[in-house]
Amino acid sequence: MIPFNKPYLHGRELVYIAQAVASGKISGDGSFTKKCHDFFEKRYGFAKALMTTSCTDALEMSALLLDIKEGDEVIVPAFTFVSSANAFVLRGAKLVFADSEKYNPNIDVEKLAALITARTRAIVVVHYAGVACDMDPILQLAQQHGIAVIEDAAQAIDSFYKGRPLGSLGEMGAFSFHETKNVIAGEGGLLTINNSSYSARAEIIREKGTNRSSFFRGEVDKYGWVDVGSSFLPSDIVSAYLYAQLENIDTIQSRRKEIWHRYNSHLANELPKYGISLPVIPEFATNNAHMFYIVCRDLEQRTKLIAGLKEKKIHAVFHYLSLHHSPYFLDKHDGRPLPNSDRFADCLLRLPLYYELTNEQCDQVCDAIVQNLAGQ
Ligand SMILES: *Cc1c(COP(=O)(O)O)cnc(C)c1O
């Protein structure tokens, strides 16, 4: 059986967890959480990095920090995970779904301007598969209209746009360390803040609306309830696991890229014969090898391919169903067709990709795909 994903230990995860336990402090903001914050701030230059319990929580924090209210509009791609949208719905926002580009699932920049109204407060961009959206025109448009850009960088660790780290470009960014991502902690996330005016309030919102963080730094002599908030900080056990992975991020990334390129070189000549396209990485973007996907000709071809691979004990999976067609949103959508989003929902297929996938397994997947297509 070749699973779609497999969580893994790189080496020192359990050692660091044992250290956290031995230190006598495993609640939030312990020594490993601080190490993670330092790592992210130093390596990627985020003004502030705050570990959260998930990317979903980081997105919810961003909506709280922007003071999103009932009646505000937020533009979100339809082809994304529910959390990119839910975080804003929880604050009462009206969602305006955007279509994907034709050539990749990222938000279509050219159609964005037409979605902006006087009520638009934020644009959520999702760097799908860790490949950057075209940020310069998006940021320019947002600036013209006084709108915040939030980066859902859940899949985008260690990836760049014109040399600038993803998660550092919008007002805020949200990363995930869910077991399906490149570096993992089981469940875990990170909020990055690039506009320092949000930093102090972010600490408060993350600590149940209290100024506990300032108290621990000795900046105030009592701590109390000063704002709204929730419990968004992870246990130090989560950070201990993550830190062991971060220390090895270069090894992890280079192995994932090897697998990605192995898929690409095996499939690039074969698949176009069957009307299937391979990922397109624009010149302004890097490839962090979060995902290797192919885009089938149609739903029928994809369904047969998934079934054929399953027979060979290979688990390949489709991805998002467009959110504007979801049971929750169906009757709230304004009716605009979003054809590219629908096409990726019907035709995109993700192949197994994880740190411990071997070259032989990768080749096995490629052979099984080509055989299945030849026989369809
Ligand atoms: C994984 C993912 C999330 C959610 O991350 P969690 O850490 O599980 O909350 C959000 N958005 C996108 C695009 C994702 O891929």
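Using the Karplus equation 6.51 cos²θ - 1.76 cosθ + 1.60 (θ = phi - 60°), what ³J(HN,Hα) coupling, rounded to whole Hz, does each residue of the range 105-110 give in order, writing x for Gly and Pro? Taking θ as phi minus 60°, the curve returns x, 5, 4, 6, 5, 5 Hz for the range 105-110.
Across G173, G189, G45, mean-square fluctuation computed from a Gaussian network of the chain (C-alpha pairs under 10 Å connected) peaks at G45.
Label-to-label distance for D38 and D221 is 3.0 nm, based on points extended 7 Å past Cα in the beta-carbon direction.
Computed over protein heavy atoms with a 1.4 Å probe, the accessible surface of the chain works out to 42 Å² per residue. At full extension, D136 and E311 could sit 58.5 nm farther apart than now, given 0.36 nm per residue minus the alpha carbon distance.
Against the empirical curve 2.2 N^0.38 Å, the C-alpha radius of gyration of the range 249-375 lands at a ratio of 1.15. Ignoring any ligand, DNA or RNA, what whole percent of the accessible area of the chain comes from carbon and sulfur when the probe is 1.4 angstrom? Carbon and sulfur atoms account for 53 percent of the accessible area of the chain.
Summarising the strand pairing of the chain, around 55 percent of its internal DSSP beta bridges are antiparallel.
Principal-axis analysis of the Cα atoms of the chain puts helix 135-145 at an angle of about 50° to the longest axis. Here's how it looks for L166: its modeled amide H is under 5 Å from those of S159, F160, Y161, which are all 5 or more places away or on a different chain.
Kirkwood's formula applied to the C-alpha pairs of the chain gives a hydrodynamic radius of 21.5 angstrom. Residues whose amide H lies under 5 Å from that of I2, counting only those 5 or more places away or on a different chain, are I314, H315; hydrogens are built 1.01 Å from N in the peptide plane.
Relative to the longest principal axis of the Cα atoms of the chain, helix 31-44 runs at roughly 60 degrees. Using R0 = 35 Å, the C-beta based FRET efficiency linking A200 and R119 works out to 0.80.
Relative to the longest principal axis of the Cα atoms of the chain, the long axis of helix 249-267 makes an angle of roughly 20 degrees.
Across the range 358-373, coupling constants 3J(HN,Hα) worked out from phi with the 6.51/-1.76/1.60 Karplus curve, θ = phi - 60°, read 8, 4, 4, 5, 4, 5, 4, 5, 4, 4, 5, 5, 5, 4, 4, 5 Hz, and Gly and Pro carry x. Karplus-derived 3J(HN,Hα) values for the range 87-102, using 6.51 cos²θ - 1.76 cosθ + 1.60 with θ = phi - 60°, are 4, 8, 4, 4, 8, x, 5, 8, 8, 10, 7, 10, 7, 7, 5, 6 Hz; glycine and proline are entered as x.
The values are calculated or read from the model by the stated rules, or taken from the named source; none is laboratory data. In this text, all values refer to a predicted model and were calculated from it rather than measured experimentally. With ideal geometry, Cβ positions are generated from the backbone for all residues, glycine too; neighbour counts draw on all protein chains shown. The accessibility values were calculated without ligands, DNA or RNA, using every heavy atom of the protein model including side chains. Shrake-Rupley method; radii C 1.70, N 1.55, O 1.52, S 1.80 Å.
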